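Visitor: Structure incoming, see below.
The values are calculated or read from the model by the stated rules, or taken from the named source; none is laboratory data. Quantities reported herein were computed from a predicted structural model and do not represent experimental measurements. Counting neighbours? That spans all protein chains shown, and the Cβs are built from the backbone with ideal geometry, glycine included. Just so you know, the surface numbers come from the protein's heavy atoms only, side chains and all, with ligands and any DNA or RNA stripped out. Shrake-Rupley method; radii C 1.70, N 1.55, O 1.52, S 1.80 Å.
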Amino acid sequence: MARRAVLLLLGIAGGLLLAGSARAYTNAGPISEEIQNLFWAITLFAVVVAAVVFGILAVFLVRYRESVSPRPTSWVEGDRNLEILWTVIPTIILIVIVIISVPVLVYTDTIPPPDTTVRVVGTQFIWTFYYEDGTTSSPDLWIQAGTVVKLEVTATDVVHSFAVPDLGIKIDAFPGHMNHWWMQGDVPGDYLIQCAELCGLEHAKMLASVEVLSEDEFDAWLTRRRAEQTAGTSDLGQETWEGVCSKCHGLSGEGGIGPALAGSVVIADPEAVEDLVRNGRRTMPAVGAGWTSEQVTALTNYLRENPPGGG
Ligand code: CUA
């Protein structure tokens with residue numbers, strides 16, 4: 001009987017463990033690695049404490065069940081030594097957790113000398129990234145593996161939160177305020193960016209990815225992107241349309257939260273579009289208030305060549 005109860009408890013514990021690890025994040029950078037090591041160390045304490053508590057509970061449930069011990073035992077008034085013991089042990093565990101946590105906090109909060117700085121701007125409902133040389137990318141971020149990227153995080157309208165779970169990154173983006181942090185991706189690949197602050201109707205669609213590239217790939221990307229952007233041939237216009245405008249007006253301009261754009265006279269007029277995105281109108285936020293003129297031009301060029309609902 002005791003064995004069956006123990007097996008049942010072990011089964012439940014195992015199921016909970018499996019359920020918890022179903023969406024395990026990878027350790028693709030030093031910050032996530034430090035945080036996950038700390039997480040597992042603290043989990044180890046929790047598992048040991050739970051095993052002791054539930055183990056004793058199981059033994060008592062089985063040994064003193066009513067069919068075996070129909071009469072209550074005598075009243076026990078307390079045990080000073082036991083009480084000291086179960087106060088001292090958790091205190092020691094908490095002190096150990098503080099001792100192993102503080103260095104992780106200091107490590108993740110201290111920005112190492114950066115190899116590059118990227119400004120991260122949250123807007124309903126897209127992220128835009130500005131590199132030091134003026135290159136703009138949106139909605140995806142491209143970084144070089146193994147380098148320290150300093151992040152300057154802000155927003156243009158409401159509070160967003162820039163989160164890259166696989167890299168251990170989550171930092172709030174406030175309008176009118178610059179937050180500073182850093183990120184590093186060690187393993188090339190692409191990792192999900194998600195907005196982690198409810199920022200409006202399309203919050204759940206504020207998804208993108210970080211592309212961590214090898215040095216050669218990154219250099220090639222940045223050079224190509226810069227050249228295309230200067231020449232006005234980059235995908236920035238399409239990215240802006242798909243990342244910003246279409247979230248409210250529909251991918252084909254069919255409308256949604258915002259009005260349908262087919263046949264709109266404003267869309268055909270670059271100056272009117274610039275005025276609209278920079279200043280907003282009625283319920284439309286000033287999504288492009290912080291855009292470079294390159295980005296606005298990229299958008300108006302894209303709209304001229306691909307009028308929404310026009311083909
Ligand atoms: Cu931006 Cu949620």
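Visitor: Of all DSSP beta bridges located in the chain, what percent are antiparallel, nearest 5? Show your work: numbers first, answer last.
Guide: Working: 27 of 39 bridges.
Percent antiparallel among DSSP bridges in the chain is about 70.
Visitor: Please quote Rg/Rh for the chain to two decimal places, taking the Kirkwood radius as Rh and restricting both calculations to Cα atoms.
Guide: 1.17
Visitor: Give the long-range amide H neighbours of LEU141: residues separated by 5 or more places, or on another chain, with amide H under 5 Å away, using H modelled in the peptide plane at 1.01 Å from N.
Guide: SER209, VAL210, GLU211
Visitor: Between 0 and 90 degrees, rounded to the nearest ten: what's the tilt of helix 215-231 against the longest Cα principal axis of the chain?
Guide: Roughly 30 degrees between the two axes.
Visitor: Here is a further query. Would you work out what percent of the accessible area of the chain, with all protein chains in place, is carbon or sulfur (probe 1.4 Å)? Could you put the intermediate results ahead of the total?
Guide: On the way: 11330 of 18130 Å².
About 62 percent, which is the carbon plus sulfur part of the accessible surface.
Visitor: Right, here's the next one. Rounded to whole Hz and in sequence order, give me ³J(HN,Hα) for the stretch 28-41 from the Karplus expression 6.51 cos²θ - 1.76 cosθ + 1.60, θ = phi - 60°, writing x for Gly and Pro.
Guide: 9, x, x, 5, 5, 5, 4, 5, 5, 4, 5, 4, 5, 5
Visitor: GLU132 to ALA260: extension gain in nm, 0.36 nm per residue of separation minus the Cα-Cα distance?
Guide: 42.4 nm
Visitor: Same structure again: Just round it to a whole percent: the fraction of Cα-Cα distances in the stretch 236-310 exceeding 20 Å. Mind showing how you got there, number by number?
Guide: On the way: 416 of 2775 pairs.
So the pairs more than 20 Å apart make up 15 percent of the total in the stretch 236-310.
Visitor: Taking H placed 1.01 Å from N in the peptide plane, check which residues at least 5 places from CYS195 or on another chain put their amide H under 5 Å from its amide H.
Guide: MET206
Visitor: At a 1.4 Å probe radius, which order do VAL210, VAL102, VAL62 fall into by accessible area, largest first?
Guide: The ranking, largest first, comes out as VAL102, VAL62, VAL210.
Visitor: Could you work out how far the C-alpha centroid of the stretch 121-145 sits from that of the stretch 259-311, in angstrom?
Guide: For the stretch 121-145 versus the stretch 259-311, the Cα centre distance is 20 Å.
Visitor: Right, another one. Taking H placed 1.01 Å from N in the peptide plane, check which residues at least 5 places from ILE267 or on another chain put their amide H under 5 Å from its amide H.
Guide: none
Visitor: Return a whole-number percent for the relative contact order of the stretch 162-286, with Cα pairs under 8 Å and 6 or more residues apart as the contact set.
Guide: In percent, rounded to a whole number, it is 13.
Visitor: Could I ask something else about it? Just to verify a number: FRET efficiency for LEU7 and ALA220, C-beta to C-beta distance, R0 = 45 Å, to 0.05?
Guide: Step by step, r from the Cβ atoms, then E = 0.20.
Visitor: Could you give the angle, 0 to 90 degrees to the nearest 10, between helix 80-109's Cα long axis and the longest principal axis of the Cα atoms of the chain?
Guide: 20
Visitor: If ligands, DNA and RNA are left out, what is the accessible area of TRP40 with a 1.4 Å probe, given in Å² to the nearest 10?
Guide: 140
Visitor: Moving on to the next point. Taking the 0 to 90 degree range and rounding to the nearest ten, how far is the long axis of helix 293-305 tilted relative to the main principal axis of the chain, both from C-alpha atoms?
Guide: Tilt of helix 293-305: around 70 degrees.
Visitor: Return the calculated 222 nm mean residue ellipticity for the chain, to the nearest 500 deg cm²/dmol, obtained by summing -39500 (n - 2.57) across DSSP H runs with n ≥ 4 and dividing by the residue count. Walk me through the numbers before you get to the answer.
Guide: Details: 8 runs with 132 residues, N = 311.
The per-residue figure over the chain is -14000 deg cm²/dmol.
Visitor: Here's something else I'd like to know. What translational diffusion coefficient, to the nearest whole µm²/s, does the stretch 26-109 have by Stokes-Einstein, given a Kirkwood radius computed over alpha-carbon pairs, a temperature of 10 °C and 1.306 mPa s viscosity?
Guide: For these conditions, the coefficient is 97 µm²/s.
Visitor: Taking a 1.4 Å probe, which of THR87, THR300 shows the most accessible area, and what order do the others take after it?
Guide: THR87, THR300
Visitor: Related question: Per residue of the stretch 257-272, what does 6.51 cos²θ - 1.76 cosθ + 1.60 with θ = phi - 60° give for ³J(HN,Hα)? Whole Hz please, x for Gly and Pro, Karplus curve as stated.
Guide: So the J values, rounded to whole Hz, are 6, x, x, 5, 10, 4, x, 5, 6, 4, 4, 7, 10, x, 5, 5.
Visitor: Which percent, to the nearest 5, of DSSP beta bridges fully inside the stretch 116-230 are antiparallel?
Guide: Values: 26 of 38 bridges.
Looking only at bridges with both residues in the stretch 116-230, the antiparallel portion is about 70 percent.
Visitor: Next up: Per 0.36 nm of contour for each residue apart, how much would the distance between THR147 and SER293 grow if the chain were fully extended, relative to their Cα-Cα spacing?
Guide: Working: separation 146, 0.36 × 146 = 52.56 nm, distance 2.92 nm.
Full-extension gain reported as 49.6 nm.
Visitor: Keeping all protein chains in place and using 1.4 angstrom, which order do LYS247, LYS205 fall into by accessible surface area, from largest down?
Guide: LYS205, LYS247
Visitor: Another question, then. With the contact rule set at Cα under 8 Å and sequence spacing of 6 or more, what percent relative contact order holds for the chain?
Guide: Relative contact order, the chain: 15 percent.
Visitor: What number comes out for accessible area per residue over the stretch 116-230 if the probe is 1.4 Å? Units Å², please.
Guide: Spelled out: the 1.4 Å probe surface of the stretch 116-230, per residue, equals 39 Å².
Visitor: Quick one: Debye curve from the C-alpha atoms of the stretch 138-211, no solvent, what's log10 I(q)/I(0) at q = 0.20, 0.23 Å⁻¹?
Guide: -0.85, -1.09
Visitor: Ratio of Rg to Rh for the stretch 161-311, alpha carbon only, Kirkwood?
Guide: 0.99
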